[in-house]
Amino acid sequence: MKRKVVKQGPTTLMVSLPAKWTKKYSISKGDLLDVEEIERSLKITSDKPAESVPVELDTKDLSLLHIKKYLHEMYQFGYDEIRLLFEDGKAIPEIQAYISSVMIGYEVVDQQAHSLTVKSISQSIEGEFDPILRRAFLVTKQLGANSLAVIKEKDYKKLKDIMVLEDTNDKLTNFCLRVLNKKGYKSYNKTSFIYCLIWQLEKIADEYKYLCQHLINDGDIKMSKEVVDQYEKVNNLFNQFYELFYSYSKKELAKFATECSKMLSETMNIQSGIKGRQDVVIGHLYVMVSYMYTMMGPLIGLQV
């Protein structure tokens with residue numbers, strides 16, 4: 001998009017705002033806009049919420065799982081109002097429960113025999129991005145620590161209660177990705193970096209969940225001390241990344257990179273010589289370390 005610069009008075013230079021953008025955010029004469037200089041660019045921001053455009057989703061021929069997946073992506077994309085159409089209402093109660101469990105700020109505002117309308121009812125919470133992201137990190141730390149404690153007790157049935165923490169991580173990271181899609185990051189040109197990092201944070205919690213589910217389903221697995229120790233090292237590595245994210249230094253980054261490489265090699269060696277049915281556990285630990293290693297890229301991107 002090109003805009004011609006117009007001179008008004010002896011020193012003032014002006015450009016017009018795009019009509020589509022001003023309509024979307026209801027900009028009118030006298031409104032205050034934030035203008036931020038970013039090297040060769042100017043970022044113009046309005047505090048007003050975007051004009052909400054309702055969307056419809058016909059769920060015909062979609063399984064319950066795929067209805068949830070559509071909702072998940074539409075929520076992350078940033079839609080503020082979604083109307084779901086059903087051939088029958090059998091799926092509505094479970095969809096309502098799903099919305100409550102993973103979609104911060106969404107509420108059911110209308111329910112009919114063959115439709116359900118959900119809407120974002122709180123714009124102010126979108127300003128809570130930073131504390132909610134920190135909470136997502138802390139919940140993931142807790143998921144690792146609590147699951148390890150249960151594994152040491154060898155009472156795998158308790159892992160089912162701990163897996164609820166993964167649902168919380170999912171809820172928090174979904175919200176963060178939604179805010180980024182709608183508004184971008186506070187340093188707008190670094191939105192893609194923080195987005196990738198949060199996406200990987202959610203995947204690490206998924207691996208904890210898959211690991212726990214495996215142990216629940218195959219409850220007589222005998223975990224060797226070597227595997228349990230490696231589990232603890234993976235938890236410690238995640239804690240190290242958390243500290244690095246919130247207190248970044250090049251020196252600590254170098255230490256983290258070295259530790260990641262070492263852990264990837266160690267975990268692979270353990271898996272090659274393991275006995276019994278612990279190989280799945282080690283496999284999930286390896287994937288977690290891989291995610292942590294790749295998170296260094298977007299973390300560096302946030303610093304440069």
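The values are calculated or read from the model by the stated rules, or taken from the named source; none is laboratory data. Just so it is clear, the model here is predicted, and its values are computed rather than measured. Counting neighbours? That spans all protein chains shown, and the Cβs are built from the backbone with ideal geometry, glycine included.
Is it the case that the range 5-17 has a residue that's among the polar types (S, T, N, Q), part of a loop (DSSP other than H, G, I, E, B), within 30 Å of Ser115 (Cα to Cα) and at pLDDT below 85? No: zero hits.
Each row is one residue, and each column tells you yes or no for (1) small (Gly, Ala, Ser); (2) assigned to a helix (DSSP H, G or I); (3) on the phi < 0 side of the Ramachandran plot; (4) surrounded by 14 or more Cβ atoms within 10 Å (Cβ to Cβ).
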{"position": "Thr117", "(1), (2), (3), (4)": "no, no, yes, yes"}
{"position": "Ser122", "(1), (2), (3), (4)": "yes, no, yes, no"}
{"position": "Ile125", "(1), (2), (3), (4)": "no, yes, yes, yes"}
{"position": "Pro131", "(1), (2), (3), (4)": "no, yes, yes, no"}
{"position": "Arg135", "(1), (2), (3), (4)": "no, yes, yes, yes"}
{"position": "Gly144", "(1), (2), (3), (4)": "yes, yes, yes, yes"}
{"position": "Ser147", "(1), (2), (3), (4)": "yes, yes, yes, yes"}
{"position": "Leu159", "(1), (2), (3), (4)": "no, yes, yes, yes"}
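Could you go through the range 183-191 and let me know if any residue there is in contact with a Phe, Trp or Tyr (Cβ under 6 Å, 6 or more places away or on another chain) and within 21 Å of Phe245 (Cα to Cα). Yes - at least one qualifying residue is present in the range 183-191.
For the range 100-115, a residue qualifies if it is over 16 Å from the mean Cα position of the chain (by Cα) and outside any loop (DSSP other than H, G, I, E, B), and the qualifying residues are Ser100, Tyr106, Glu107, Val108, Val109, Asp110, Gln111, Gln112, Ser115.
Any residue at all in the range 38-58 that's on the phi > 0 side of the Ramachandran plot and out of contact with any Asp or Glu (no Cβ under 9 Å at 6 or more places or on another chain)? Among the residues of the range 38-58, at least one is on the phi > 0 side of the Ramachandran plot and out of contact with any Asp or Glu (no Cβ under 9 Å at 6 or more places or on another chain), which makes the answer yes.
Candidates Leu215, Leu197: the one that is under 15 Å from Leu285 (Cα atoms), in a helix (DSSP H, G or I) and touching a residue at least 24 places away in the same chain (Cβ under 8 Å) is Leu215. For the residues Gln142, Gln96, the requirement of being assigned by TED's automatic domain parsing to the domain that holds Lys203 and not aliphatic (A, V, I, L, M) singles out Gln142. Would you point out the residue of the range 179-194, among those that are surrounded by 18 or more Cβ atoms within 10 Å (Cβ to Cβ) and at pLDDT 95 or above, that is farthest from Gln76 (Cα to Cα)? Across the range 179-194, the extreme among qualifying residues is Phe193. Flag not set for Tyr106, criterion: without any contact (Cβ under 8 Å) to a residue 24 or more places away in the chain and of a type in the set (Phe, Trp, Tyr). Restricting attention to the range 87-103 and to residues that are without any contact (Cβ under 8 Å) to a residue 40 or more places away in the chain and polar (S, T, N, Q), the residue that is nearest to Arg178 (Cα to Cα) turns out to be Ser100. Just to be sure before I move on: is Asp206 at pLDDT below 95 and of a type in the set (D, E, K, R) in the structure I sent? Against the criterion (at pLDDT below 95 and of a type in the set (D, E, K, R)), Asp206 does not qualify. If the condition is being without any contact (Cβ under 8 Å) to a residue 12 or more places away in the chain and either touching a helix residue (DSSP H, G or I) at 6+ places or on another chain (Cβ under 9 Å) or surrounded by 14 or more Cβ atoms within 10 Å (Cβ to Cβ) (or both), then the range 239-251 contributes Glu243, Lys250. Taking the criterion of being over 30 Å from Ser26 (Cα atoms), surrounded by 15 or more Cβ atoms within 10 Å (Cβ to Cβ) and touching a Lys or Arg at 6+ places or on another chain (Cβ under 7 Å), the only residue of the range 49-101 that qualifies is Tyr98. The requirement of being outside any helix (DSSP H, G or I), closer than 23 Å to Leu138 by Cα and in the same structural domain as Gly276 (by TED's automatic domain parsing) is satisfied by Tyr185.
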